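In what follows, a structure is listed as structure tokens, so that the remarks can point back to it.
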């Protein structure tokens, strides 16, 4: 009897996945490509498969939801760096499209990622709590600014990774999501209410697992994320009215948005009060200002706060390497990259093959700064890097390896 053949839609520069046994549910697969990776708790079956080019997550669900999730993630890819990368989707055309295993969506696994459970200490999030709150609030703001209604924001539906001294949250589950030209206030509040309920349930589960009563559980997590979300949303979307001659305040406004990591796409200057004042209305893009700037200078593609820290290192080195040539090529950036950044990154990869090398570089920069502050003078790179190694990489934030699903 011939095996049924699925319809597989994949993107260029990724595997075609035809070697997998799509004739049976993914929970019955025995292929050697299966690997264990950190993930949250999902309502649908999820497996991970390894190929030469990387690791991929395959989630099985009814065909319509698989197609919808793929389309949403593909659309968001050009708008945000904080959603999973959709690679393909599968239709098992011989099945009822409503069957649980009739479809599948394939995404690229997030490198150096871990689950929220890896941050739990004693039934809560301890010293990482503020970073986690900021990560989820920032993620929701960014998605909402891009017109995305998540519909199921939770701790489990995100993966996390270190981003310099912060935490980056990546949305990995979009089966309930929709994309609009713009979200209404009601839609945003609904998404926040769903998030609050989901997090309350997850914190109750965590409390039960650690033998903690509900009275002592961190049930305010969702409300605090909402409060941080509201503050950030107001700062990003509130129009500013200034005197017509105070043009420096326009630059201050843009610089503040850049400090928050958000790119500025459009600026509207609207005369008000019979032309005596100007209303500044800014359209904000994704949270990727520093990462895009670093990519333009060096070709390096990393997360936002890592890029912010590494750009600061470049600015520090510019005083030593000088400015730009007549062809506008930045001598400082080229010398810094070839003589400092790349050699140290290669050495980090050799010494710490499992770590995110750019996160480790940020941790090293933090150590160098602390050492210089303690001494009251600059510390040469070679000396600081040798000391960092000899002291056992102090400050290193490695992705947890003991994460469980």
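Within the listed set 23, 84, 164, the residue fluctuating most in the Gaussian network model of the chain (springs between alpha-carbon atoms under 10 angstrom) is 23. With both labels modelled 7 Å from their Cα along Cα-to-Cβ, the residue 100 to residue 55 distance reads 2.5 nm. Would you kindly calculate the mean projected area, averaged across all directions, of the convex hull enclosing the Cα atoms of segment 306-390, in square nanometres? Here the figure is 5.8 nm², rounded to one decimal.
Across q = 0.07 Å⁻¹, the chain modelled as identical point scatterers on its alpha-carbon atoms has Debye log10 I(q)/I(0) values of -0.40, in the order of the q list.
Per the Kirkwood formula applied to alpha carbons, segment 1-106 shows a radius of gyration over Rh ratio, Rg over Rh, of 0.94. Helix 63-77 axis versus longest C-alpha principal axis of the chain: approximately 10°, rounded to the nearest ten.
Counting helices only, and only those DSSP H runs with n ≥ 4, report the 222 nm mean residue ellipticity of the chain as the sum of -39,500 (n - 2.57) divided by its residues, in deg cm²/dmol to the nearest 500. Display every interim value, and only then the final one.
Values: 11 runs with 159 residues, N = 405.
Calculated at 222 nm, the ellipticity per residue is -13000 deg cm²/dmol.
For segment 198-315, a/c is not less than 1.5, where a ≥ b ≥ c are the root eigenvalues of the C-alpha gyration tensor, and a/b does not top b/c. That puts it in the oblate class. For residue 315 and residue 243, the difference between the fully extended length at 0.36 nm per residue and the C-alpha to C-alpha distance is 22.6 nm.
For segment 116-235, the alpha-carbon radius of gyration amounts to 1.04 times the rule-of-thumb value 2.2 N^0.38 Å expected for a compact globular protein.
Each 5 Å bin, from zero up to the one with the longest distance, holds this percent of the alpha carbon pairs of segment 239-284: 6, 23, 31, 21, 12, 5, 1.
Extension gain for the segment residue 383 to residue 354, taken as residue separation times 0.36 nm less the Cα-Cα distance, is 8.0 nm to one decimal. Where in segment 226-246 does the label zone of residue 279 land, with the point 7 angstrom along Cα→C-beta and an amide N cut-off under 20 Å? Answer for segment 226-246: 233-246. Cα centroid separation, segment 234-268 to segment 133-203: 25 Å.
Mind checking the alpha-carbon convex hull of segment 1-55 and giving the volume per residue in Å³?
Numbers: hull volume 6.7 nm³, N = 55.
It comes to 123 Å³ per residue, whole-number rounded.
Where a number appears in this text, it was derived from the coordinates with a stated rule and is not lab data. Owing to the predicted nature of the structure, the values given are computational and were not obtained by experimental measurement. So basically every Cβ, Gly included, is an ideal-geometry build from the backbone, and we count neighbours across all protein chains shown.
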